[in-house]
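The values are calculated or read from the model by the stated rules, or taken from the named source; none is laboratory data. For clarity, every value in this text was computed on a predicted model and none was experimentally measured. Counting neighbours? That spans all protein chains shown, and the Cβs are built from the backbone with ideal geometry, glycine included.
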Amino acid sequence: MLSQNYEHVLAPDDKLSLSIWNHDDLSIGSVYSIYNTNESFGKWILIEPDSTAAIPYSGPLKIAGLTLNEAETLIAEKLAEYVKTPIVELRVLNREVTILGEINAPGNYLLEKELNTLVAYIGKAQGLNFYADAKKIQIIRNEVSYEVDLTSLNDFHNKNIYLQSRDIIYVPSKKGKKLDMKAPVLIPFASLLTSIGVLISVLSK
């Protein structure tokens, strides 16, 4: 089952901005400063394969496996030796999902907020196209596939799940798509058969 209870758990390769209120010298990509930036400009902290990240004045801290709140608390405790009552905020810059299939703008999309719903990101991808089967939308998470039916409002709150980093949303085609794709070929062929039939009928008279 897909759960609506979700907090991002930090993992190796996550890229983080570190904001410390009133301390731009310790902040990296701070959201509080005019110097704030994002992943595309390369100003971030990387969680290494050994689960640690280099935090100013604290050195390598093991934060993979923690939620953002837990990591913020740990960093604040370490920085309290140098900063009075530090206010710490972490953001993950490279959380993204992949949307494929019968969607108007398939691709990779960054998760811009902490909580991001399935319907909101289908909207970001410009919605389902004509051939989309909205009854059988697939959410692939941790190599397990879940099916979501967005055509019914029954229990819609639980269907409109919160997305997680690295989720794959796949929108399959309706059964009629293959027939429609063949139609431009089938229709002229059928017309040709009809014309041949009429010609044979005329010649045999």
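Please specify each residue of the range 131-150 satisfying the condition of being surrounded by 14 or more Cβ atoms within 10 Å (Cβ to Cβ), without any contact (Cβ under 8 Å) to a residue 60 or more places away in the chain, hydrophobic (A, V, I, L, M, F, W, C) and outside any loop (DSSP other than H, G, I, E, B). Residues satisfying the conditions are 132, 137, 140. The number of residues in the range 56-72 that are in a strand (DSSP E or B) and either among the β-branched types (Val, Ile, Thr) or out of contact with any Lys or Arg (no Cβ under 7 Å at 6 or more places or on another chain) (or both) comes to 4. Quick check on residue 64: is it surrounded by 14 or more Cβ atoms within 10 Å (Cβ to Cβ), out of contact with any strand residue (DSSP E or B) (no Cβ under 9 Å at 6 or more places or on another chain) and at pLDDT 85 or above? It is false that residue 64 is surrounded by 14 or more Cβ atoms within 10 Å (Cβ to Cβ), out of contact with any strand residue (DSSP E or B) (no Cβ under 9 Å at 6 or more places or on another chain) and at pLDDT 85 or above. The number of residues in the range 152-172 that are modelled with pLDDT under 90, polar (S, T, N, Q) and either under 17 Å from residue 110 (Cα atoms) or exposed (fewer than 11 other Cβ atoms within 10 Å of the Cβ) (or both) comes to 2. Any idea how many residues of the range 1-39 are over 13 Å from residue 95 (Cα atoms) and at pLDDT below 80? Of the residues in that region, 15 qualify. Among residues of the range 152-167 that are closer than 14 Å to residue 136 by Cα, those with a Cβ under 6 angstrom from a residue that is not in a helix (DSSP H, G or I), sequence gap 6+ or separate chain, pair up as 159/148; 160/117.
If you go through the range 140-151, how many residues are closer than 19 Å to residue 104 by Cβ and either in contact with a helix residue (DSSP H, G or I) (Cβ under 6 Å, 6 or more places away or on another chain) or among the β-branched types (Val, Ile, Thr) (or both)? Qualifying residue count, the range 140-151: 2.
Checking each residue in the range 97-130 for being touching a residue at least 12 places away in the same chain (Cβ under 8 Å), within 30 Å of residue 27 (Cα to Cα) and exposed (fewer than 14 other Cβ atoms within 10 Å of the Cβ) picks out 108, 114, 115.
Just the residues that are out of contact with any helix residue (DSSP H, G or I) (no Cβ under 7 Å at 6 or more places or on another chain), assigned to a loop (DSSP other than H, G, I, E, B) and buried (at least 16 other Cβ atoms within 10 Å of the Cβ), please, taken from the range 73-96.
83, 95
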